[in-house]
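A.B. asks: Below: one structure in structure tokens.
Read the figures in this text as sums done on the coordinates, not as results from a lab. All values reported here derive from a predicted model rather than from experimental measurement. Methodologically, a virtual Cβ is constructed for each residue, glycine included, from the backbone with ideal geometry; neighbour enumeration extends over all protein chains shown.
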Amino acid sequence: MPLFSRLVSLWKKETLALMRDRHALAALFAMPAIFILVMSLALADTDAFSGKDSAAIHYTLLDLDKSRASAALEARLGNTPFSGKHPPPADTEAARRQIQAGETAFALLIPQGYGQQIVARQTPVLQLLVDPTLPHALREGFYRQVEAAHIRVSVLLALGTPEKAPAPPGAATTPMAEFEAPALAVEAVGHGDAAPPAPPSAVQQNVPAWLIFSMFFVVIPISAIFIGERQHGALQRLATQRVSFGLILAGKFLPFLLINQIQAVLMVGVGRWLVPLCGGEALILPQSAAALAALWLVSLAVSTAAVGWALFIASLAKSSEQATVLGGVGNILMGAVGGIMVPRFVMPAAMQPWTRLSPMDWALEGFHQVMLRNGGISDTLPAAAALAAFGLAALALAWLRQAARKT
């Protein structure tokens, strides 16, 4: 039998085996749909998306004025809840790159003449660069801190003491209400010229997060089928017919890759149409064909990682129960570390770098590059390449594990 015909027969076999396993289908489709619906509604008004936790939000400041007033403004911001200050960037473009790389959430640019404008009772224009993945409430919290710090500096400068909080004895006082907040030129830093989507609500975080999590749970049906074939001698019979183990892996790979893509479409539909029907916010999707192609590329990369991981676990486990424990615990750990269960921006600052160790974090970053930063295919390539490499490495380990069993 030709090689391609054998591969098609293996694809048919895997599809029929999966269709008979109703419990596995329920785990792959019903579970993530319920997660998305419940978590999106439950977290809609919680602190994680309301901006009440700003301790781990970082910012940077570029002082182009170098005056007493700008130094005082910088000092005032250092005493706010947004105290995670990064070293100043070299210029505006460097500040944008810091935000695009996820190193900082805000970049405040103090223009030349800032101090002189305050003395002249003019309204200065401060440029503020923001990360579009932050919730709206966190943005507003930082805006209010900048405005309050500016007004305080204006008052102290009018008193002749911008570096000190109390006025000297006998100094004239000026009501704070007479000082206006600065004008803020806010720019959400994306990858394109178009305006970025709205800041993420609970549904914007939960749909891609739980979609990724559910894709990795393909380990349950794959391991059940794989181990059942091993125990019933199906793998041995295929080997006697000169069907290589590499071909068997390829025969399992495509059907479950397609299952993952069906999952993706259905879960996006839940976020787009079902969540709003239940009183939540609708998932916002990009409209351009290029952006949708980028999303599909990330989805394929996630599937590659998930199916490769599942086949590796199936090759390690000696029973379905063992595979469930290994795969389930592994998925939960990757989800907990990778920002699936708790968004990265509400984690403690010391914990945030650890999220980079999880493939689920790479997947979430890939989706956010498109959905929240207007990224295209080139912007998703690092995440997609990392996920594909992870999946192929897992497949290679599964093949090596099988080769070790024969020796």
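A.B. asks: Want the number for Gln241 to Lys318: 0.36 nm per residue separation, take away the alpha-carbon distance, what's left?
C.D. replies: Extending this stretch completely gives an extra 25.3 nm.
A.B. asks: Next up: Using all alpha carbons of the range 236-348, what is the percent of pairwise distances in each 5 Å bin, ordered from the shortest bin to the longest?
C.D. replies: With a bin width of 5 Å, the distribution comes to 2, 9, 12, 15, 20, 16, 11, 7, 4, 2, 1, 0.
A.B. asks: Nearest 0.05, what FRET efficiency do Ile332 and Ala181 give at R0 = 30 Å with Cβ-Cβ as r?
C.D. replies: Approximately 0.05, to the nearest 0.05.
A.B. asks: Still on this structure, I have one more. Classify the range 87-137: rounded, prolate or oblate, from the alpha-carbon gyration tensor (a ≥ b ≥ c, eigenvalue square roots; a/c under 1.5 rounded; otherwise prolate if a/b is larger than b/c)?
C.D. replies: It comes out oblate by the Cα gyration axes.
A.B. asks: If you don't mind, there's one more thing I want to ask. Which shape class applies to the range 288-368: rounded if a/c is under 1.5, otherwise prolate when a/b exceeds b/c and oblate if not, where a ≥ b ≥ c are the square roots of the Cα gyration tensor eigenvalues?
C.D. replies: Verdict is oblate for the range 288-368.
A.B. asks: Would you calculate the separation in nanometres between label points at Leu397 and Val265, each defined as 7 Å from the Cα along the Cα-to-beta-carbon direction?
C.D. replies: 3.2 nm
A.B. asks: With a cut-off of at most 16 other beta carbons within 10 Å, and DSSP calling the residue loop, which trypsin sites (Lys or Arg not before Pro) in the range 219-320 qualify? Please list them.
C.D. replies: Arg242, Lys318
A.B. asks: Step through the residues of the range 396-404 one at a time and calculate ³J(HN,Hα) from phi using the Karplus curve (6.51 cos²θ - 1.76 cosθ + 1.60, θ = phi - 60°), rounding each to whole Hz and writing x for Gly and Pro.
C.D. replies: Coupling constants for the range 396-404: 5, 5, 5, 5, 5, 5, 5, 5, 5 Hz.
A.B. asks: Using θ = phi - 60° and the Karplus curve 6.51 cos²θ - 1.76 cosθ + 1.60, what whole-Hz ³J(HN,Hα) does each residue of the range 70-76 get, with Gly and Pro shown as x?
C.D. replies: Those phi angles translate into 5, 5, 5, 4, 4, 5, 4 Hz.
A.B. asks: Please say if the range 199-271 is rounded, prolate or oblate, where rounded means a/c under 1.5 for a ≥ b ≥ c the square roots of the C-alpha gyration tensor eigenvalues, and otherwise the choice is prolate for a/b larger than b/c and oblate otherwise?
C.D. replies: Prolate shape, in that a/c is at least 1.5 and a/b is the bigger ratio.
A.B. asks: Still on this structure, I have one more. Can you run phi through the Karplus equation (6.51, -1.76, 1.60; θ = phi - 60°) for the range 114-120 and list ³J(HN,Hα) in whole Hz, with x for Gly and Pro?
C.D. replies: 4, x, 5, 5, 5, 4, 7
A.B. asks: Still on this structure: Can you pull the one-decimal nm distance between simple spin-label points at Ala350 and Cys278, each 7 Å off the Cα toward Cβ?
C.D. replies: Placing both labels 7 Å along Cα→Cβ, they lie 3.7 nm apart.
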